[in-house]
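The values are calculated or read from the model by the stated rules, or taken from the named source; none is laboratory data. Remember, predicted model here, so these are calculated numbers, not experimental data. Note: ideal-geometry Cβ built from the backbone for every residue, glycine included; neighbour counts use all protein chains shown. The area values use the complete protein model at the heavy-atom level, side chains included, leaving out ligands, DNA and RNA. Shrake-Rupley method; radii C 1.70, N 1.55, O 1.52, S 1.80 Å.
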Amino acid sequence: MMKRIQDRLKKREYAEQGIPVLLMLEDLTENPADFSPQDPFEGEVLSNLIEEFAALYEAEKSQAEKGQDEKAEVRELTEDDIGKIIEAVTAKYFIFASTGV
Amino acid sequence: MHIQEIHRSLRSGGFIRAAHYHNTPEKRLPEYEKELALYANHFSSVTLEDLVRYYDTGVWHKEKPGLIISLFNGYRNNYDVMLPLLEKYGFVGWFFCATEFVDLSPEVQKAYAAEHTLSLVEHEYADGRYALNWSEIEEIDAQHVIASHTRSHKQVSPSTPNNVLHQEIVGSQQDFIEHLGHAVEVFTWLYGATNADNPMVHEYVTEANYRFLYGNCGIQKMR
């Protein structure tokens, strides 16, 4: 499944197409405020989707790496992998979570 | 950013949506219009003040969720094609400009772009000017967010020399001050590198007085 989504993402023309993303907000100042979700359901849904996509991605990656080398160790998700997972989730559910459609 | 931090941010409401654009050529205008019309139905525009307020209070104060429309590199087609659409649909655009690209005369912009991973739309402008000029940036600055995307569209790495980092971060801010008469608040690297990607980044971003470091997966508030 992840491979199918990734293949579809690869066809995007990043130089000219609008790419929806989710940006995590990090406060590096001394006294950051706690965020209060506008819609708690939305964050929960997105988080669960990312978890599901990450599990699929790890499984497919592990299979691919072991296919090349039986003794290959499965690496942890890199920042690049995480970026791809968020992009895949966002591509499918950018508007969904806020509208319930 | 670790995946656990992403889960934490999503569950706590500490996230915001964005749509990233680079070139916005006229041939794709119907596609952009369709997207912005759809976004206007579901999301609210985000100004710099909205983002500051969100960080300060932890509460998003508009009825619809916020959506940042970001435009990278400082392309002229952002002004010609996207700016009218943003205004038609009530969005504030965040224009991330590489200041050296903007400073160049039209006859050298194409060659410069090829050497600085700036993709251009072939034969788009007969006069050879593919970058925004400073008077367009000044006009955009009145209603939208102007931000730094380095000076020369440079990618940061742990081995980037300090003098180069300084030029890209502080030098770019100096360019904005010289041309706009004020500092800009937001800085972004290529490919959304973060504060953690080079130990000197924090020091120079602080020196240049940027408030936000904008990346592919997140926004870091620095002050």
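A count restricted to segment B:33-51 and to residues that are facing chain A (nearest Cβ under 7 Å) and either among the acidic types (Asp, Glu) or open to solvent by less than 20 Å² (accessible area, probe 1.4 Å) (or both) stands at 1.
No other residue among B:74, B:90, B:58 is farther than 17 Å from residue B:141 by Cβ, among the small types (Gly, Ala, Ser) and more than 10 Å from chain A (Cβ to nearest Cβ) apart from B:90. Please determine, by comparing only the residues of segment A:25-50 that are of a type in the set (Asp, Glu) and in a loop (DSSP other than H, G, I, E, B), which one is nearest to the other protein chains (Cβ to nearest Cβ). Looking at residues that are of a type in the set (Asp, Glu) and in a loop (DSSP other than H, G, I, E, B), I get A:34.
Counting just the residues of segment B:52-68 that are hydroxyl-bearing (Ser, Thr, Tyr) and out of contact with any Asp or Glu (no Cβ under 7 Å at 6 or more places or on another chain), which one comes out most open to solvent (accessible area, probe 1.4 Å)? The residue in question is B:57.
Residue B:27 fulfils the conditions (1) more than 7 Å from every other protein chain (Cβ to nearest Cβ); (2) in contact with a Cys (Cβ under 9 Å, 6 or more places away or on another chain) except for a single criterion, (2).
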